[in-house]
Amino acid sequence: MSLKDTIDQDIKSAMLAKDQAKLRGLRAIKAAIIVAETEKNAGVFGSEEEIKVLQRLVKQRKESAEIYEQQQRDDLLAIEREEIEVIENYLPKQLKREEVESKVLAVVAQLGASSMKDMGKVMGVANKELAGKADGRTISEIVKEVLSV
């Protein structure tokens, strides 16, 4: 069963359960997937693309949550956090920072990277290996820490 079919089924069950927070998050996922499928040059839309869409949704909501937190808008902050939780349920399990760090160290050793000049090479390989399993910002921070030592 594809993610889209799973989302459709979960929307029905959320409607029956009258779970507004879950319903809001699921509808956002469905809308984002439909938009991504119909974009120009979308090509084949598989599970890898679905994960990218979900990651983008989580990133958008985290950025919005930061803004709401700064503005002390707890009502809107709660909504964003609820949606983040719903969307993250459909993403692969995220690695812990220590696990990401060990993978980045392995990539650095594999490529023989030694300075910040090699950051682009390391990021390219690390992003491919950790796609869907870690946030790009976290990977970038760890690569910078490792290469600046």
Estimated inter-spin distance, Arg56 and Asp8, nm [label 7 Å along Cα→Cβ] | 2.2
First measure r as the distance between the Cβ atoms of Asn127 and Glu63, then evaluate 1/(1 + (r/R0)^6) with R0 = 22 Å and state the FRET efficiency to the nearest 0.05.
-> 0.65
In order over the range 79-95: 3J(HN,Hα) from phi, Karplus 6.51/-1.76/1.60, θ = phi - 60°, whole Hz, x for each Gly or Pro, gives 4, 4, 5, 4, 5, 4, 4, 5, 5, 5, 5, 9, 8, x, 4, 7, 6
So which trypsin sites (Lys or Arg not before Pro) in the range 28-72 pass both tests, a DSSP loop state and at most 16 other Cβ atoms within 10 Å of the Cβ?
-> Lys40
Would you mind checking the tilt of helix 47-70 against the longest principal axis of the Cα atoms of the chain, expressed as 0 to 90 degrees and rounded to 10?
-> 80
Among all the lysines, which ones have a C-alpha under 25 Å from Lys4's C-alpha, if same-chain residues fewer than 8 places away are not counted?
-> Lys12, Lys18, Lys22, Lys30, Lys40, Lys52, Lys59, Lys62, Lys93, Lys128, Lys133
Evaluate E = 1/(1 + (r/R0)^6) for Gln70 and Glu98, where r is the Cβ-Cβ distance and R0 equals 25 Å; express this FRET efficiency to the nearest 0.05.
-> 0.30
Stokes-Einstein, Kirkwood over Cα pairs, the range 97-148, 37 °C, 0.692 mPa s; D in µm²/s equals 314
Within a Gaussian network of the chain (alpha carbon springs, distance under 10 Å), most fluctuating of Leu111, Leu77, Leu23 | Leu111
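What is the gain in length, in nm to one decimal, between Glu37 and Arg137 on full extension, counting 0.36 nm per residue of separation less the C-alpha to C-alpha distance?
The Glu37-Arg137 span can extend by a further 33.4 nm.
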GluC sites (Glu not before Pro) lying in DSSP loop within the range 1-78, provided at most 13 other Cβ fall within 10 Å = Glu39
The chain: radius of gyration and largest Cα-Cα distance (Dmax), Å = 18.0, 56
Per residue of the range 113-122, in order, report the coupling 6.51 cos²θ - 1.76 cosθ + 1.60 (Karplus, θ = phi - 60°) as ³J(HN,Hα) in whole Hz, putting x for Gly and Pro.
-> 6, 9, 9, 5, 5, 8, 4, x, 5, 5
How far is helix 97-111 tilted off the main Cα axis of the chain, in degrees rounded to 10, range 0 to 90?
-> 40
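Would you work out the charge dipole size for the range 1-147 about its Cα centre, treating the Cβ of every Lys and Arg as +1 and the Cβ of every Asp and Glu as -1, and quote it to the nearest 20 debye? Each step should come with its number before you reach the end.
Numbers: 25 positive and 27 negative charges, 51 e Å.
It comes to approximately 240 debye.
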With a Förster radius of 22 Å, plug the Cβ-Cβ distance of Ser47 and Lys144 into 1/(1 + (r/R0)^6) and report the FRET value to the nearest 0.05.
-> 0.15
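None of the figures in this text is laboratory data; all of them are computed from the coordinates on show. Values in this document were obtained by computation on a predicted structure and should not be read as measured data. Here Cβ is always computed from backbone atoms with ideal geometry, including for glycine, and neighbour counts include all displayed protein chains.
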